[in-house]
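This report concerns only the one structure given below.
The values are calculated or read from the model by the stated rules, or taken from the named source; none is laboratory data. The structure displayed is predicted, hence computed values, not measured ones. Cβ: placed from backbone, ideal geometry, glycine included. Neighbour counts: every protein chain shown.
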């Protein structure tokens, strides 16, 4: 008998064997095990916040083609210290009044929070313009007020221009590499997970997968689990391609503002019913 790898993890500190019914006690081992420490960093996520904090998964700062390798940065001009006034803005959970930060504050955040792997060419920041940028979040792309910094490479880098309280762990997060996205049904409770469908050699039976979810007040961990093991072991050579299938799972409560996570604690993009999952 050949088993397809188990790829659902349990949420927070709940043991897997106690999260499911009899027959669902196959242990989590190796690379598919839950990263409890990573998932636990979401325990305090204010899912009911108004507005809900933005979970930005873009590589920050946004960069023009000329500035792809710029950084670390050094100011070559005095940046505006004035803070733009509050403004009404459309966020994923509705319209809200947002608080801005000055160019100097945004520059300080950028130099502290940007990932060092992007920086390969020291650059001078020669100016700043109050503008907008489109950022990827766990609830889709969002246009936000932003500071656009020009550099001596002839390009520009853009950093969100909102106060820190509007974000959750800005600069730290990347979308799931395990799950490309889920669709949220119109009932607010059904998640449709897109995952690679298992295959089997001729004469063998492929395992059957099902989507599972483990819920908490702040988030939902989703993933796939074997519901029926496959049979056979002929060990044939298969073509190097994979086909995707969709697996629905119904939550005990509406998703609301809770974040959807994979087993590594990374946010999974959520899109409304009728739209494809947001690319990560």
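Scanning the range 114-143 for residues that are surrounded by 16 or more Cβ atoms within 10 Å (Cβ to Cβ), within 24 Å of the chain's Cα centre (by Cα) and within 23 Å of residue 80 (Cβ to Cβ) turns up 114, 133, 135. Does the range 171-180 contain at least one residue that is over 19 Å from the mean Cα position of the chain (by Cα), modelled with pLDDT of 95 or more, assigned to a loop (DSSP other than H, G, I, E, B) and within 16 Å of residue 111 (Cβ to Cβ)? Taking every residue of the range 171-180 in turn, none turns out to be over 19 Å from the mean Cα position of the chain (by Cα), modelled with pLDDT of 95 or more, assigned to a loop (DSSP other than H, G, I, E, B) and within 16 Å of residue 111 (Cβ to Cβ).
Restricting attention to the range 23-39, the residues being more than 13 Å from residue 225 (Cα to Cα), at pLDDT 55 or above and outside any loop (DSSP other than H, G, I, E, B) number 4. Does the range 184-199 include one or more residues that are out of contact with any strand residue (DSSP E or B) (no Cβ under 8 Å at 6 or more places or on another chain), surrounded by 14 or more Cβ atoms within 10 Å (Cβ to Cβ) and assigned by TED's automatic domain parsing to the domain that holds residue 255? Checking the range 184-199: at least one residue is out of contact with any strand residue (DSSP E or B) (no Cβ under 8 Å at 6 or more places or on another chain), surrounded by 14 or more Cβ atoms within 10 Å (Cβ to Cβ) and assigned by TED's automatic domain parsing to the domain that holds residue 255.
Within the range 92-133, how many residues are in contact (Cβ under 8 Å) with a residue 60 or more places away in the chain and not in a helix (DSSP H, G or I)? Here the count works out to 6. Hey, among the residues in the range 76-89 that are in contact (Cβ under 8 Å) with a residue 12 or more places away in the chain and not in a loop (DSSP other than H, G, I, E, B), which one's farthest from residue 136 (Cα to Cα)? Across the range 76-89, the extreme among qualifying residues is 87.
Looking across the range 40-75, the residues that are surrounded by 15 or more Cβ atoms within 10 Å (Cβ to Cβ), assigned to a strand (DSSP E or B) and either on the phi > 0 side of the Ramachandran plot or more than 17 Å from the chain's Cα centre (by Cα) (or both) come down to 63, 70, 71, 73, 75.
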